[in-house]
Amino acid sequence: MRQRSLLVLCLTLLLALFAGSLYVTSAASRSPHLAKVTGFDPEIGTPEQQALVRTSRDSSQLPLQTSCTVKTKKELFITDVSVVDDCIRTTWTGVCAGGGSPATRGAWTVGGLLPGIFGTNDPATLSQLTLRWLNQWTAARTVNGDVIPARPNMTTLVINPWLAASGGSQLDMTKAPFRLLAIVSRLDLRQNAAHGGVETAGEARFVFNVLSNNQPTQFNVIFEYGLPAADCNGVLDWAQSFHSLGSLAFGNNYNAALETITDSFTAINAVPTNLNGSAIDQVRTNEIALASPWELREFHLKAQTSGPAALLQVTVAQTPARSLQGSTAIFDFVTANATAIKANNYTVPLSFEGNPFRGGAAPNAFPPDLGWDGSPSLCATNADAREVFSLNTCNGCHGKEANIIFKQVEPRSAGVEATLSTFLKGGPAFNDLCSVQRTFNDLNRRRVDLCQLLSKTCSQVDAEPQVTFVH
């Protein structure tokens, strides 16, 4: 009996080795580059392939991914109605059927997230700090020398209806007029201390739509949280946490597991060393509901002379002031930084050549007109660097450079799953400003990236190229 078992084991191993050789041969036959590689791991690819996934968003440049168990809709970009309309976690009142799974009322609502951002459950303080955030639209502002016109309709569309629903002069967090569109993991934004920076596992995001009379509007808000990691093992732990969701069916158990993850970065004092103890990196908005044209803004927690830090408007990441489109400053910056830009490892500075450079907001005209370019045009000298630079801006990524109409996630009605842009889910090839053909499928890039990450050791993670994607 023992000899028979050993024989069966040996035959099984031989068959596995034979199947593995066929697998490698088949993969190599589909990619000349892979055919040159000896002993490559098809899950993580060669170092060159991994670098492409980390630094390029053009799906035509992504390496062949022969096998992958990452389930995008459960691990990376969660829009299933059973999650975003979860009776307990996305509402504050009413009886919810099912029960059973541990759940926190309103955990995935704006009103449920603001206490963790502001570091308090005190109703008066929450109302005061939320109104301070929202009132920044109601008067003209100058941020880094960029004049941003007032959008006073914030008062009539959001502030006054919220106050009226709250029954007075103080905002009730349970009456916040927002609908959840998606919960997103951005593990592809991770950084590592080996490059001299701060170790992070990337970000996790909540995407909301502002409601008017309980109906969708053209106004999206994104809460973007940092995923703290003390070292590479912390990065891999976050990756495994999100990956574990892929093995669960949508329903009570899935939502309970997801809430366990989200609570760890949204709770009050989630990161005690941060302002307010909050893990929030930034809050971003994208809207035309208040005024034309479309406009994107960004808000960071900033310390006050007393009390909790407040959400205050800052410059928009990686985006020059709109007035610089077609300028010599854009030409000079892209030309001087072309190598770093193509590696997606650069920062648009606050000032350049002695003048303010980064924008205070990102307006976006209709039809989408950015494609960023310089004077003279960068198409003749640095077409690829121009495209990466433009795609990483707020108005480029939410417009012409991504071949979309302003939004990456569409507003939705209750009971309907949000539609994603072709930049995210993939779409036909198109010609960019320089007539270079581009294709995007960013969710597939993120899927491949997570597949690779799950197969890596810490030494491999620490050797990854740095990236500065923000959108």
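The values are calculated or read from the model by the stated rules, or taken from the named source; none is laboratory data. Just so you know, these numbers come straight off a predicted model, no measurement behind them. Glycine gets a Cβ as well: all are built from the backbone with ideal geometry, and neighbour counts include every protein chain shown. Protein only, heavy atoms only, side chains kept; ligands, DNA and RNA dropped before computing areas. Shrake-Rupley method; radii C 1.70, N 1.55, O 1.52, S 1.80 Å.
Once region 60-96 is narrowed to residues that are buried (at least 19 other Cβ atoms within 10 Å of the Cβ) and among the aliphatic types (A, V, I, L, M), the residue that is nearest to N214 (Cα to Cα) is V84. The C-beta contact set for region 444-464 (first residue more than 19 Å from K74 (Cα to Cα), second residue open to solvent by less than 50 Å² (accessible area, probe 1.4 Å) and of a type in the set (S, T, Y), distance under 6 angstrom, 6+ apart or interchain) is empty.
When V147 is tested against (1) part of a helix (DSSP H, G or I); (2) closer than 30 Å to P356 by Cα; (3) open to solvent by 30 Å² or more (accessible area, probe 1.4 Å), only condition (1) is not met.
In summary, F357 fulfils each of the numbered conditions (1) over 23 Å from I222 (Cβ atoms); (2) out of contact with any strand residue (DSSP E or B) (no Cβ under 6 Å at 6 or more places or on another chain) with the single exception of condition (2). Is there a residue being surrounded by fewer than 20 Cβ atoms within 10 Å (Cβ to Cβ), part of a loop (DSSP other than H, G, I, E, B), at positive phi and modelled with pLDDT of 95 or more anywhere in region 326-338? Yes - at least one qualifying residue is present in region 326-338.
Any idea which of P102, P115 is touching a helix residue (DSSP H, G or I) at 6+ places or on another chain (Cβ under 8 Å), open to solvent by 10 Å² or more (accessible area, probe 1.4 Å) and under 15 Å from K175 (Cβ atoms)? Only one candidate passes the filter, namely P115. With respect to R322, is the statement that it is open to solvent by 50 Å² or more (accessible area, probe 1.4 Å), among the basic types (K, R) and farther than 17 Å from H471 by Cα true? For R322, the condition - open to solvent by 50 Å² or more (accessible area, probe 1.4 Å), among the basic types (K, R) and farther than 17 Å from H471 by Cα - is met.
A single entry from L312, L296 fulfils the requirement of being touching a residue at least 24 places away in the same chain (Cβ under 8 Å), assigned to a strand (DSSP E or B) and within 14 Å of N144 (Cβ to Cβ): L312. Filtering region 164-177 to residues that are under 15 Å from L129 (Cβ atoms), without any contact (Cβ under 8 Å) to a residue 60 or more places away in the chain and of a type in the set (A, V, I, L, M, F, W, C) leaves only L171.
The set of residues in region 403-450 being on the phi > 0 side of the Ramachandran plot and open to solvent by 10 Å² or more (accessible area, probe 1.4 Å) consists of N403, G415, G426, S435.
Select from region 179-216 the residues that are β-branched (V, I, T) and under 11 Å from the mean Cα position of the chain (by Cα) and write down the one among them that is farthest from R445 (Cα to Cα). Restricting to residues being β-branched (V, I, T) and under 11 Å from the mean Cα position of the chain (by Cα), the top hit is V207. Check off (1) within 22 Å of V409 (Cβ to Cβ); (2) among the aromatic types (F, W, Y); (3) open to solvent by 20 Å² or more (accessible area, probe 1.4 Å); (4) modelled with pLDDT of 95 or more for F352 and give me the number that stays unchecked. Only one criterion in (1) within 22 Å of V409 (Cβ to Cβ); (2) among the aromatic types (F, W, Y); (3) open to solvent by 20 Å² or more (accessible area, probe 1.4 Å); (4) modelled with pLDDT of 95 or more is unmet by F352, namely (1). In summary, V158 fulfils each of the numbered conditions (1) open to solvent by less than 20 Å² (accessible area, probe 1.4 Å); (2) in contact with a Ser or Thr (Cβ under 8 Å, 6 or more places away or on another chain); (3) touching a residue at least 40 places away in the same chain (Cβ under 8 Å) with the single exception of condition (2). Of all the listed residues (V461, V416), the sole one being more than 17 Å from the chain's Cα centre (by Cα) and farther than 21 Å from A51 by Cα is V416. Taking region 281-318 as the range and being hydroxyl-bearing (S, T, Y), under 20 Å from F366 (Cα atoms) and within 22 Å of the chain's Cα centre (by Cα) as the test, only T285 passes. Mind checking which residues of region 106-145 are without any contact (Cβ under 8 Å) to a residue 40 or more places away in the chain and not small (G, A, S)? Matches in region 106-145: D122, Q128, L134, N135, T138.
C379 meets the conditions (1) at positive phi; (2) open to solvent by 30 Å² or more (accessible area, probe 1.4 Å) in every case but one. The failed one is (1).
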